[in-house]
Amino acid sequence: MTVNTPLCFRGKKILAPMVRVGTLPMRLLALDYGADIVYCEELIDIKMLQCKRVINVLETVDFIAPNERVVFRTCERERHHVVFQMGSADAERALAVAKLVESDVAGIDINMGCPKEYSTKASMGAALLSDPDKIESILTTLVKGICKPVTCKIRILPSVEDTVNLVKRIEKTGIAAIAVHGRKKEERPQHPVHCDVIKAISEAVSIPVIANGGSHDFIKEYTDIETFQKATAASSVMIARAAMWNPSIFRKEGLFPLKEVMQDYIKYAVRYDNHYTNTKYCLCQMLREQLETTQGKKLHAAQSTQEICEAFEMADFYEETTAIFEAKKTSLETETQYEDDQMEDPDVIKMAVRFDKREYPPQITPKMYLLEWCRKEKHPQPVYETVQRPLDRLFCSVVTVAEQKYRSTLWDKSKKLAEQAAAIVCLRTLGVPEGKLCEGETHLINKRKREDRECLNNRDHGEDLSEPSHKKANFIAETSDMNVPKM
């Protein structure tokens, strides 16, 4: 049994959170080269709360948005080393996100240093520095609400005194460590990093201080990390751009040649199905002044992961790895299908159908038609039993009508869609209209139109519509009984 030791922030070399850079391939590569802790890129609380957690065939844990885009991907290799950084300006939202990801990460961080407008406009990032009460509320709520360590990352304020006072107040919230980017929010990488301010903070508080911002002035190779740490008297050092340019900066033995580093990065990008645009961006950051070389031009022109691999003479690796992935995917699908078949009731009538709301009039669904038919035929109302498959989190529903069961053989991404698909199977088996646009107007649609006309007539005659008429009230009750799904 693996013991989950709480994350320690003293004497550590840390990969900083970097937008578009701090995705899974870069984090794993940094760990391979010697990083102790890796931060993911900043992810916004509202976006994360829209995600569902899925265990991937890749053996990763994915948090997937409604548009099927992977917002955050992690794996067992980094589970005790990765800190999830979020952008938030609301304590309750921050806590909800923290609870969503808590079992898959080693710690939670709040970004309080990003000076970009997209962040500050939403009162996140560096905007929080001018609202200590909100900072205190967010951090206190997280510390009390989750079991994993909580950190935050800030920039320095215009005066040393104000910065130290803020950090002392932050320390009282109970956080495990604080990362300090030694520049003010209006300063950029070309401005000198203020080591003296980080040092003043380190000497003023007892929690670990993580020094950040030394890539331009200090850190060019591994031994420079210690130089920066001594100059700031910090407990640990967090590295951003120097690691982005060459993540082997974490190697005690010295930097690897860039070509070897980029090939190692590509291997992780392929193995973990990283989106090619993200892979391309990170490789461009590594190449920098070599972008005008033949290889750089090939990379710039690449429009897929396969083309990126070809640009780096890794076509064979791409083909072998994708073949293994496809074989594994097929094997798991076969295994899942076998499990489905084993659980299958031979008396259930099945069809391969899906519900597409674009094929139906507004507010009209197969479930409504099936309920209407059952009432007309004096049958009990349909009963839906829905299950979720653990492997991919998809849903399947069985509907029972007149003691006969019906289901679709296709699994859906939501409970509502699965129920609609089951209703379609039943209606098609019975030869009953399901309400599709191509079927023309039917009783249920005409009924809706009559009700709409009556509503308009009542309005024209000046009736008080704040209290529905008797007939309208009956219709509302009827549609409520139908359990009409929200479209």
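Does at least one position in region 239-246 carry a residue that is part of a helix (DSSP H, G or I), closer than 22 Å to His181 by Cα, assigned by the TED database to the domain that holds Lys153 and in contact with a Leu (Cβ under 7 Å, 6 or more places away or on another chain)? Yes, the conditions are met somewhere in region 239-246.
Please specify each residue of region 152-163 satisfying the condition of being aliphatic (A, V, I, L, M) and surrounded by fewer than 18 Cβ atoms within 10 Å (Cβ to Cβ). Within region 152-163, Val160 is the sole residue that qualifies.
Please verify whether Ala89 is open to solvent by less than 30 Å² (accessible area, probe 1.4 Å), modelled with pLDDT of 95 or more and part of a loop (DSSP other than H, G, I, E, B), treating the condition exactly as stated. Spelling it out, Ala89 is indeed open to solvent by less than 30 Å² (accessible area, probe 1.4 Å), modelled with pLDDT of 95 or more and part of a loop (DSSP other than H, G, I, E, B).
If only residues of region 49-83 that are open to solvent by 30 Å² or more (accessible area, probe 1.4 Å) and part of a strand (DSSP E or B) are counted, the one that is modelled with the highest pLDDT is Arg73. For region 349-360, what are the residues that are part of a loop (DSSP other than H, G, I, E, B) and surrounded by 16 or more Cβ atoms within 10 Å (Cβ to Cβ)? Result: Val353, Phe355, Tyr360. Being open to solvent by 50 Å² or more (accessible area, probe 1.4 Å), in contact with a Gly (Cβ under 9 Å, 6 or more places away or on another chain) and in the same structural domain as Pro17 (by the TED database) is the requirement here; does Asp196 meet it? Criteria met by Asp196.
The rows are residues; the columns are (1) at pLDDT 95 or above; (2) buried (at least 20 other Cβ atoms within 10 Å of the Cβ); (3) touching a Leu at 6+ places or on another chain (Cβ under 7 Å); (4) basic (Lys, Arg).
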site: Asn111; (1), (2), (3), (4): yes, yes, no, no
site: Cys114; (1), (2), (3), (4): no, yes, no, no
site: Glu136; (1), (2), (3), (4): yes, no, no, no
site: Ile146; (1), (2), (3), (4): yes, no, no, no
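Screening region 249-327 for helices (runs of 4 or more DSSP H) wholly inside it with 1 or more residues that are open to solvent by less than 50 Å² (accessible area, probe 1.4 Å), modelled with pLDDT of 95 or more and charged (D, E, K, R) returns the ranges 258-271, 276-287. Taken over region 184-200, the criterion of being more than 18 Å from Thr227 (Cβ to Cβ) and either among the basic types (Lys, Arg) or not in a loop (DSSP other than H, G, I, E, B) (or both) is satisfied by Lys184, Lys185, Arg188, Ala200.
Determine whether region 246-259 contains at least one residue that is touching a residue at least 60 places away in the same chain (Cβ under 8 Å) and of a type in the set (Gly, Ala, Ser). Yes, region 246-259 contains at least one residue that is touching a residue at least 60 places away in the same chain (Cβ under 8 Å) and of a type in the set (Gly, Ala, Ser).
Looking at region 201-219, can you tell me whether even one residue there is assigned to a helix (DSSP H, G or I), farther than 24 Å from Ala30 by Cβ and either touching a Leu at 6+ places or on another chain (Cβ under 8 Å) or of a type in the set (A, V, I, L, M) (or both)? The answer is yes, given that some residue of region 201-219 is assigned to a helix (DSSP H, G or I), farther than 24 Å from Ala30 by Cβ and either touching a Leu at 6+ places or on another chain (Cβ under 8 Å) or of a type in the set (A, V, I, L, M) (or both). With the structure loaded, tell me whether Gly182 is assigned by the TED database to the domain that holds Gly22 and touching a Phe, Trp or Tyr at 6+ places or on another chain (Cβ under 6 Å) or whether it fails that test. No; evaluated as a whole, the condition is false for this residue. Taking the conditions exactly as written (surrounded by 16 or more Cβ atoms within 10 Å (Cβ to Cβ) and closer than 14 Å to Ala233 by Cα), does Ile175 satisfy them or not? So Ile175 does not fit the description; no.
The values are calculated or read from the model by the stated rules, or taken from the named source; none is laboratory data. Values in this document were obtained by computation on a predicted structure and should not be read as measured data. Cβ coordinates were reconstructed from backbone atoms using ideal geometry, including for glycine residues, and neighbour counts include every protein chain displayed. These accessible areas exclude ligands, DNA and RNA; they are computed on the full protein's heavy atoms, side chains included. Shrake-Rupley method; radii C 1.70, N 1.55, O 1.52, S 1.80 Å.
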